[in-house]
């Protein structure tokens, strides 16, 4: 068995696999003997079927299967032994007739195309300067966070007149355009959260209401999207577009959150006993938590900026025709040339970034080992427990849980991607020059969404 490489250009090559009779003959005879011992053919007892009959009936199929195994092994071994970096997998060469006759087997020759991974030069150093945006944790942001915490741990009470942040419980009744009650229309009891109503006129109309008051509203303006509107009105999401834009809302009850007091009870609920003892300590702790919370977001913004810069300035040539053929042949479902053409740019953009990232990892000896993956997974689990206020289990139990998570292929891929991004971000932060900038929370959100 022999493999011959023929380079077409810097990105394409052909591997010719030559299979001699000696490579497959013994294995094929052995397999046919197994068939002879177990084959059930009328007129012959099992094990006594003539070898010539077995060969006639099964020989070509057994030979084809063995040849296929040999070709795949030859290609894999050759690529591994010669450390050839390829894109995708070898595919049969187009427009070339393979040599060999399965009816009269002797020497076989098969030709396969391979797409070679391009050599790329990733240029990134301390000469490259990037903004590192950080949220300005000021008194306004700290105050907002404290208000949110006081609301979260506050108590609901009834109110006489509705205000900006109240919840109004009432009955929705669908109306006609002239504001008469629509016969057979929607009638459903639900709640409006005035705090989340964005339309100024509607918000104004909902303020100052008392139990028994009626107001006409557009349900789209007191809900947050079609699904929320459907739930509010007690209908399925596919029906909301057919409903009237006018609904009568009758106030049945007004609920108001009484903010939790800034005292030891609240401090203990938030941080545990004795950690925070006064309002000053609360502000300091919240400022620290906010800064830590926004670090990951700042890192993501930096990574996004470096990604865009590298994608723009790094030249990556690809074996495009090979890749298009490989996509078509390897796709589980039939895919047309038109579909490939429509999606190809998006595919190559993702591939280009994979190659850039791979080159960075290789050049800087950045690796993902199993121990790191397990520890990273344990860290994710600890964060999950913390979100629900649950203490993390002992290390042995945590390790077992992490190993169970890593049995799931999708979770493994997700965790590897997260860890790889974390390592990549750390590399960026230690390599490029960072221009640290403090921006307001709103500006930071705008940057993240741009």
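Every number in this text was worked out from the coordinates using simple rules, so none of it is lab data. Owing to the predicted nature of the structure, the values given are computational and were not obtained by experimental measurement. When we count neighbours, we look across all protein chains shown, and the Cβ atoms used for this are built from the backbone with ideal geometry, even at glycine.
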Q.
Given all pairs of different Cα atoms, what value in angstroms does the Kirkwood hydrodynamic radius of segment 104-203 take?
A. 22.3
Q.
Please compute the modelled spin-label separation between residue 51 and residue 158, points set 7 Å along Cα→Cβ, answer in nm with one decimal.
A. 9.9
Q) Between residue 148 and residue 253, 0.36 nm times their residue separation minus their Cα-Cα distance comes to what? A) 35.5 nm
Q.
What do you get for the angle between helix 320-330 and the principal long axis of the chain? Use alpha-carbon atoms, 0 to 90 degrees, nearest ten.
A. 90
Q. Roughly what % of Cα-Cα distances in segment 337-398 sit above 17 Å, to the whole percent?
A. 64
Q.
Regarding segment 296-372, what's the average projected area of the Cα-atom convex hull, expressed in nm²?
A. 7.8
Q. Taking the simple approach of a point 7 Å from Cα along Cα-to-Cβ for both residue 183 and residue 218, what is their distance in nm?
A. 2.8
Q) Which values of log₁₀ I(q)/I(0), to two decimal places, follow from the Debye formula for the chain at q = 0.06, 0.08 Å⁻¹ with a uniform point scatterer at every Cα? A) -0.55, -0.84
**Q.** segment 130-196-segment 269-336 distance, computed between alpha-carbon centres (Å)
**A.** 31
Q. Hey, fewest Cβ within 10 Å first, where do 297, 101 land in order?
A. 101, 297
Q: Give me the compactness ratio for segment 295-449, meaning the Cα radius of gyration over 2.2 N^0.38 Å.
A: 1.31
Q: Multiply the residue gap between residue 4 and residue 354 by 0.36 nm, knock off their C-alpha separation, and tell me the result in nm, one decimal place.
A: 123.1 nm
Q. Using the Kirkwood formula over every pair of different C-alpha atoms, what hydrodynamic radius in Å results for segment 2-116?
A. 16.0
Q: For segment 2-116, calculate the relative contact order in percent as a whole number, restricting contacts to Cα pairs under 8 Å that are 6 or more residues apart.
A: 36
Q | Whole-number percent relative contact order across segment 155-286, with pairs defined as alpha carbons under 8 Å at least 6 apart | A | 33
Q. When the helix-only estimate is applied to the chain (DSSP H runs of n ≥ 4, each -39,500 (n - 2.57), divided by the residue count), what is the mean residue ellipticity at 222 nm, nearest 500 deg cm²/dmol?
A. -16500 deg cm²/dmol
Q.
Run the paramagnetic zone check for residue 169: 7 angstrom along Cα to Cβ, then residues of segment 234-258 with backbone nitrogen under 14 Å.
A. 251-257
Q. Cα centroids of segment 1-75 and segment 213-239: how far apart, whole angstrom?
A. 68
Q) Out of every Cα pair in segment 155-258, what percent are spaced more than 23 Å from each other? A) 21
Q) Pairing the Cα long axis of helix 21-38 with the longest principal axis of the chain, what angle in degrees results, from 0 to 90 and rounded to the nearest 10? A) 80
(Q) Give me the mean projected area, in nm² to one decimal, of the convex hull enclosing the Cα positions of segment 60-143. (A) 13.3
(Q) Once R0 is set to 41 Å, what does the formula 1/(1 + (r/R0)^6) return for the Cβ-Cβ distance between residue 37 and residue 99, expressed as a FRET efficiency to the nearest 0.05? (A) 0.80
Q. How do 167, 293 line up, fewest other C-beta atoms within 10 Å first?
A. 293, 167
Q | Cα gyration tensor category, rounded, prolate or oblate, for segment 224-311 with a/c compared to 1.5 | A | oblate
**Q.** Angle between the chain longest axis and helix 337-363 axis [Cα atoms, degrees, rounded to 10]
**A.** 90
Q: Counting only C-alpha contacts under 8 Å and six or more residues apart, can you give the relative contact order of segment 29-87 as a whole percent?
A: 25
Q: Let me know the Rg and Dmax you get for segment 19-82 when you use only its Cα atoms, in Å.
A: 14.9, 53
Q: Please give the length that would be gained between residue 290 and residue 320 if that part of the chain were fully extended, namely 0.36 nm times their separation in residues minus their C-alpha to C-alpha distance (nm, one decimal).
A: 6.1 nm
